[in-house]
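The values are calculated or read from the model by the stated rules, or taken from the named source; none is laboratory data. Everything numeric here is computed off the predicted structure, so don't read it as measured data. Cβ: placed from backbone, ideal geometry, glycine included. Neighbour counts: every protein chain shown. The accessibility values were calculated without ligands, DNA or RNA, using every heavy atom of the protein model including side chains. Shrake-Rupley method; radii C 1.70, N 1.55, O 1.52, S 1.80 Å.
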Amino acid sequence: MHERLRSGDVGRPREFDDAAVVDAAMDVFWSKGYESTSTEDLCVRTGLGRGSLYNAFGSKRGLYERVLRRYAEVGFGAQAEILERPGPLKQRLRALMVAVIETDLGDPVKRGCLAVNAAVDAGGTDDVVADQVLRQFSRFEAAVREAIACGQRDGEVAADVDPSVAARVFVSAYYGLRVLGKVVRDRRVLEDVVEGALARL
């Protein structure tokens, strides 16, 4: 991905792929964190000059917010694909958790979840970042709640289970796995979390 804006091209539409730039920037922010990522890091990774980067996204902060939105969309798409598969509810919920175990154990640099990292790094002091991360978590929780409610209607989940409470517990365990996955290398420990979360259903 290379910048194709030439000197003298002022006023012409930019000719680079915004999505590709955001994906490249995501790799940098995800690996280094927001504070440790420099504009130079972003320029090197995206292939854009500082002026083009700022013209397109306003600032490093503006690009970071775009990255978080992109991460949320891609992540929810993957989550929804698993939730919407045919088959028993617990099988699908287990598949969601096993997928992140595989991801985290297979990552040599232990980046974890970008949204969780953002919440920990800036969520307590940055309202915009906190709101973006909360929207991502809430959207996932709503999808899990609906899946549990459907499982309840189909007789897979006991009638006395509150789908909202069950969804919150599951989502907490799911994102807890993302934190544990950064430091725990014993797969059995992570799988115990999975089984504990599913046992409530």
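Check the stretch 55-70 and report whether any residue there is within 18 Å of the chain's Cα centre (by Cα), without any contact (Cβ under 8 Å) to a residue 60 or more places away in the chain and closer than 23 Å to GLY176 by Cα.
Scanning the stretch 55-70 turns up at least one residue that is within 18 Å of the chain's Cα centre (by Cα), without any contact (Cβ under 8 Å) to a residue 60 or more places away in the chain and closer than 23 Å to GLY176 by Cα.
Could you grab me the full set of residues in the stretch 163-201 that are surrounded by 18 or more Cβ atoms within 10 Å (Cβ to Cβ) and farther than 13 Å from MET97 by Cβ?
Passing the criteria: PRO163, ALA166, ALA167.
Please specify each residue of the stretch 29-50 satisfying the condition of being assigned to a loop (DSSP other than H, G, I, E, B) and open to solvent by less than 20 Å² (accessible area, probe 1.4 Å).
First, pick out the residues of the stretch 29-50 that are assigned to a loop (DSSP other than H, G, I, E, B): 33-38, 47-49.
Correct list: GLY33, THR37, LEU48.
Can you name every residue in the stretch 114-135 that is in contact (Cβ under 8 Å) with a residue 40 or more places away in the chain, over 24 Å from MET97 (Cα atoms) and open to solvent by 50 Å² or more (accessible area, probe 1.4 Å)?
Once the filter is applied, which keeps residues that are in contact (Cβ under 8 Å) with a residue 40 or more places away in the chain, over 24 Å from MET97 (Cα atoms) and open to solvent by 50 Å² or more (accessible area, probe 1.4 Å), the stretch 114-135 yields only VAL128.
Going through the stretch 40-72 one residue at a time, which ones are of a type in the set (Ser, Thr, Tyr) and either out of contact with any Phe, Trp or Tyr (no Cβ under 8 Å at 6 or more places or on another chain) or closer than 22 Å to VAL109 by Cβ (or both)? Steps first, answer last, please.
Kept after step one, since they are of a type in the set (Ser, Thr, Tyr), are these residues of the stretch 40-72: 46, 52, 54, 59, 64, 71.
Across the stretch 40-72, the qualifying residues are THR46, TYR54, SER59, TYR64, TYR71.
Evaluate the following for SER138: is it part of a helix (DSSP H, G or I), without any contact (Cβ under 8 Å) to a residue 40 or more places away in the chain, under 30 Å from TYR64 (Cβ atoms) and of a type in the set (S, T, N, Q)? Let's see the steps before the verdict.
Numbers: part of a helix (DSSP H, G or I): yes; without any contact (Cβ under 8 Å) to a residue 40 or more places away in the chain: yes; under 30 Å from TYR64 (Cβ atoms): yes; of a type in the set (S, T, N, Q): yes.
The answer is yes for SER138.
Could you please let me know if LEU93 is open to solvent by less than 60 Å² (accessible area, probe 1.4 Å), in contact with an Asp or Glu (Cβ under 6 Å, 6 or more places away or on another chain) and either touching a residue at least 40 places away in the same chain (Cβ under 8 Å) or not basic (Lys, Arg) (or both)? Explain how you work it out, then say what you get.
Working: open to solvent by less than 60 Å² (accessible area, probe 1.4 Å): yes; in contact with an Asp or Glu (Cβ under 6 Å, 6 or more places away or on another chain): no; either touching a residue at least 40 places away in the same chain (Cβ under 8 Å) or not basic (Lys, Arg) (or both): yes.
Taking the combined requirement at face value, the residue does not satisfy it.
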